[in-house]
Amino acid sequence: MGGDSGTAQQPRRRSRWRRWLRRAIWTGGIVLIFLVAVHQYVVWSAADSIYSVADAPSRDVILVLGASVRPGGRPSPMLEERLHAAADLYHAGKGHKVIVSGDHGSKHYDEVHPMARALEARGVPARDIFLDHAGFRTLDSAHRARKVFGVDSMLVVTNPFHVARAVFLARNVGIDAAGVGADYGVHYSTGTHFRHAAREVLARILAFGDVFILGTGPRFLGPPIDWRGDGRLTRNAR
């Protein structure tokens with residue numbers, strides 16, 4: 001009797017396990033479809049407003065997003081590419097002022113002063129360069145451009161893999177934004193491109209969540225700074 005009972009329970013266990021597996025597959029499939037749709041929404045929402053340096057429209061301000069800085073204050077190659085593109089846009093009359101936005105959260109790490117110096121070396125006047133010391137994330141940079149610097153229209157300059165998300169975030173804080181993907185100045189390995197692309201997929205999904213689900217704001221704001229003024233007033237502040 002006991003053996004027959006145990007044998008009878010085995011098909012029931014297998015049946016429950018199969019039902020659970022089917023539900024898990026269906027749930028996983030629905031979640032995957034949702035995440036793919038979210039990712040594509042971010043990409044498609046910016047697709048009509050991404051340009052090369054030569055084709056970029058004119059806006060009030062050029063926003064350059066920060067990236068890593070090497071020891072000694074030398075911009076990384078990808079940051080150099082962004083700065084080179086921003087200087088070309090400025091000299092072409094595509095923006096009246098330049099905001100460099102990056103991480104200057106401690107005295108031991110500073111992205112924005114090296115960015116400003118690199119632009120000056122490319123002929124951009126210091127008075128036309130504003131430093132945003134609290135651009136810790138792309139989301140922070142977009143919010144602060146709008147709420148601190150009072151920007152209504154801008155070109156946002158970054159590397160090609162990043163530009164769609166940057167435009168998406170800028171538009172969702174009320175800025176008339178267009179994006180410029182800086183040309184790659186050096187040859188990056190296939191692995192480097194893959195890592196950036198894979199990380200950006202997750203970042204786009206998180207950006208959608210920040211905007212439409214969490215309503216995430218910037219880490220810091222601060223007193224208003226008029227972008228029409230003298231950018232030298234933003235030097236050496238944190």
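Just so it is clear, none of the values below were taken in a lab; they were calculated from the coordinates. This one's a predicted model, so the numbers in the text were calculated from it and none came from an experiment. We place every Cβ from the backbone using ideal geometry, glycine too, and count neighbours over all the protein chains shown.
Annotations for the structure displayed:
- Other residues whose C-beta falls under 12 angstrom from the C-beta of Leu202 contribute a net charge of +3, scoring Lys and Arg +1 and Asp and Glu -1.
- Qualifying trypsin sites (Lys or Arg not before Pro) in segment 99-145, where qualification requires a DSSP coil assignment and no more than 16 other C-beta atoms within 10 Å, comprise Lys107, Arg122.
- Taking the C-alpha atoms of segment 50-179, convex hull volume expressed per residue in Å³: 90
- Backbone N within segment 187-208 under 17 Å of label point (7 Å from Val31 Cα along the Cβ vector): 202-203, 205-206
- Hydrodynamic radius of the chain by the Kirkwood approach over all distinct alpha-carbon pairs: 19.5 Å.
- For segment 137-238, relative contact order (Cα pairs under 8 Å, six or more residues apart, normalised by length) works out to 36 percent.
- Dipole check for the chain: with +1 at the C-beta of Lys and Arg, -1 at the C-beta of Asp and Glu, and the Cα centre as origin, the magnitude is about 1360 Debye.
- Per-residue Cβ neighbour counts within 10 Å put Asp183, Asp88 in the sequence Asp183, Asp88, beginning with the fewest.
- DSSP-defined beta bridges in segment 49-234 - what % are antiparallel, rounded to 5: 15
- Counting every other Cβ atom within 10 Å of each residue's Cβ, Val201, Val31, Val211 order from fewest to most as Val31, Val201, Val211.
- Normalised by the number of residues in segment 49-234, the average gap of Cα pairs under 8 Å and 6 or more apart makes the relative contact order 27 percent.
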